[in-house]
Amino acid sequence: MSEQLRSSGGFSETGERELAGLVRQRVVARLAAYAGEREAAGLAPEDDAARQTTVERVLADELSAHRRVALGQGRAVLSPAVEGRIAQAVADALLGTGSLERLLADPGLENICVNGCDVVWVKDSRGVWRRERPVASSDTELVELVRTVAARAGDEERRFDRGMPRLNLQLPDGSRLFAVMAVTGRVSLTIRRHRYPAASMDELVRLGVCDRHLAAFLRALVRARKNIVIGGGTNVGKTTVLRAFAHEIPPHERLVTVEDTFELGLDTDAVVHPNVVAMQAREPNIEGQGGIDQAELVRWGLRMSPDRVIVGEIRGAEVIPMCNAMSQGNDGSLSTIHASTSRGVFTKLAAYAAQSPERLSLEATNLMVASAVHFVVHLGWDASGRRVVDSVREVVDADGAQVVSNEVYRPGPDGSAVAAAPVRPETLHDLVAAGLDAQQTWSQGWGAAS
């Protein structure tokens, strides 16, 4: 036991972190020695469960040794609260996500933003930001924490250095982490939480995203195999709504999902969706080789006999193969896109198509979109700051530089969607065949609006 460890008594938060670091070093050294003994004996490396048990045992031994030294020297032992925090910090660093673990364990947080190791801000479910304690003792330690998390995230190579100054990955709890360095003044990372990983239409109604009449209409759109693009701003709940739509897809259908970073998790519930292939884009390796973008994955997905193709978010060139998928027999496909209004979705689709290798003209893009997309569902914020569906558009046709659409639900006085113009008769026929109560929808919606 080092002198610094022996002499620790009552101390500040900084001293507590230093002691946790010393305990961690001793635990790591013992774990390395233990692993070497197993290898020398010809034993296989421990699996995750066995490693956790070993870490907990060695950590308990080190803290017990610290208590014995303190008692032998006539000093006060660590209080249970301090010892518990040190044990948690060491366990989190070796088994979890380090100092971020305490924030990830808080179910009330939606966003965790770290603008340097000691500038930490979190946003709760009410949309309120507050400052939190540091997550590392230095930015260098923060970089190592991010690299450690990345190494545990999967089998793919996940670099984070000056040569690859950004990192995008999914944490074990489904949260999404994005980190950046070198191009910012300090190392920064953002974690977006998904509070409703198993969303459904009923859950959207409970959360106030839509009322039960609009939910019935949206449910019918999915069951009638309408191609839908979900638009909205950052952090407005597009992924949650996409999950709720997917929840309405019959379990006998085969799904292929394409994402930049795994978030949807449709392949994790074998009861709701037993036949799913989930694909994730891949960054190039250190030699600049092996990168696979979403556009290529969509093309691959079409060869896998899917009933529907789901693209987590349209970000660029994948717009063209996605529209091709929607217009060549994979009806009922879904995707999301960043857009500030429902009409703005068409502008974003055209912009991405113009930047793709095909370099489609605006007129060609609009014809493609009109033949592929049936509905646009847009999310926004109501007057009280709550996430809501604020607009639904039925795509009708293309007319040169414009996509012709019919806003069947528009923003009401409080910002949430209210019935506007009815859908086309042939569309209503499809929705009724999919289970929509036309009489109730008319009386509660378009009939009341007229």
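For Glu144 and Ala438 in the same chain, what is the full-extension length gain: residue separation times 0.36 nm, less their Cα-Cα distance, in nm? Write out the running numbers ahead of the final one.
Working: separation 294, 0.36 × 294 = 105.84 nm, distance 5.81 nm.
Going from the current span to full extension adds 100.0 nm.
On a 0 to 90 degree scale, rounded to 10, what angle separates helix 48-72 from the longest Cα axis of the chain?
40 degrees
Return the tail of the calculated pair distribution for the stretch 284-357, meaning the percent of Cα-Cα pairs more than 18 Å apart.
Values: 1177 of 2701 pairs.
Result: 44 percent of Cα pairs exceed 18 Å.
I need the calculated FRET efficiency for the pair Trp300 and Asp267, taking r as the beta carbon distance and R₀ as 25 Å, to the nearest 0.05. Intermediate values should be presented prior to the final figure.
On the way: r = 16 Å, r/R0 = 0.63.
Efficiency at R0 = 25 Å is approximately 0.95.
From the P(r) of the stretch 380-429, can you give the percent of Cα pairs sitting at distances over 17 Å? Spell out each step's value before the answer.
Details: 562 of 1225 pairs.
Counting every Cα pair in the stretch 380-429, those more than 17 Å apart make up 46 percent.
Taking every eigenvalue of the Cα gyration tensor of the stretch 106-192, multiplying by 5 and rooting it, what semi-axes result, largest first, whole Å?
Details: eigenvalues 90, 53, 22 Å².
Taking √(5λ) for each Cα gyration eigenvalue gives 21, 16, 10 Å.
Quick one: in the stretch 3-95, what % of C-alpha pairs are over 17 Å apart?
Working: 2171 of 4278 pairs.
Value for the stretch 3-95 (Cα pairs over 17 Å): 51 percent.
Assuming R0 = 35 Å, what is the FRET efficiency of Ala351 and Asn111, from their Cβ-Cβ distance, to the nearest 0.05? Intermediate values should be presented prior to the final figure.
Details: r = 27 Å, r/R0 = 0.77.
Once rounded, the FRET efficiency stands at 0.85.
Residues of the stretch 314-339 with backbone nitrogen within less than 19 Å of a virtual label 7 Å along the Cα-to-Cβ line of Ser361, please, listed as ranges.
Those under the cut-off are 320.
Can you compute the FRET efficiency between Asp293 and Val396 using 1/(1 + (r/R0)^6), with r the Cβ-Cβ distance and R0 = 35 Å? Round to the nearest 0.05. Numbers along the way, then the final one.
Working: r = 31 Å, r/R0 = 0.90.
My answer for the efficiency is 0.65.
Mind jotting down the three principal axis lengths of the stretch 318-362 based on Cα atoms? Whole angstrom, largest first.
Principal-axis extents of the stretch 318-362 (Cα, largest first): 27, 24, 14 Å.
Below 14 angstrom from the Cβ of Arg299, what's the summed charge of the other residues (Lys, Arg +1; Asp, Glu -1)?
Working: positive: Arg303; negative: Asp293, Glu296, Glu318, Glu358.
In short, -3.
Simple spin-label model, 7 Å along Cα-to-Cβ: Val119 to Ala383 in nm?
If labels sit at Val119 and Ala383, their model points lie 3.8 nm apart.
For the stretch 201-449, with the dipole built from +1 on Lys and Arg beta-carbon atoms and -1 on Asp and Glu ones, taken about the Cα centre, which of Gly385, Thr341, His252 lies farthest toward the positive end?
Of Gly385, Thr341, His252, it is Gly385.
For a bin width of 5 Å, list the pair-distance distribution of the stretch 247-374 built from all Cα-Cα distances, rounded to whole %.
2, 11, 20, 22, 20, 13, 8, 3, 0
Hey, got the dipole for the chain? About the Cα centre, +1 on K and R Cβ, -1 on D and E Cβ, debye to the nearest 20? Before the final figure, lay out each step's value.
On the way: 51 positive and 58 negative charges, 172 e Å.
Taking the Cα centre of the chain as origin, the dipole is about 820 debye.
In square nanometres, what is the average projected area of the Cα convex hull of the chain?
Details: hull surface 104.3 nm².
Approximately 26.1 nm², given one-decimal rounding.
For the chain, take the longest principal axis of its alpha carbons; what is the angle in degrees between that and the long axis of helix 139-151, to the nearest 10 within 0 to 90?
On a 0 to 90 degree scale, this one is about 60.
Starting from the Cα-Cα distance between Ala65 and Arg159, subtract it from 0.36 nm times their residue separation and give me the gain in nm to one decimal. Numbers along the way, then the final one.
Values: separation 94, 0.36 × 94 = 33.84 nm, distance 3.79 nm.
Taking Ala65 through Arg159 to full extension adds about 30.1 nm, to one decimal.
Kirkwood hydrodynamic radius, computed over distinct alpha-carbon pairs, for the stretch 344-432: how many Å, to one decimal? Before the final figure, lay out the partial values.
Values: mean 1/r = 0.0704 Å⁻¹.
The Cα-based Kirkwood calculation yields 14.2 Å.
Starting at 0 and stepping by 10 Å, how many percent of the alpha carbon pairs of the stretch 19-162 end up in each bin?
Going from the shortest bin to the longest, the percentages are 10, 31, 34, 20, 5, 0.
Would you please report the Å³ per residue occupied by the convex hull of the alpha carbon atoms in the stretch 201-449? Write out the running numbers ahead of the final one.
On the way: hull volume 31.4 nm³, N = 249.
With only Cα atoms used, the stretch 201-449 gives 126 Å³ per residue.
Each reported figure results from applying straightforward, stated rules to the coordinates on display, with no laboratory input. Small disclaimer: the values here were computed from a predicted structure and weren't measured. All Cβ positions, glycine included, derive from the backbone under ideal geometry; neighbour counts span all protein chains shown.
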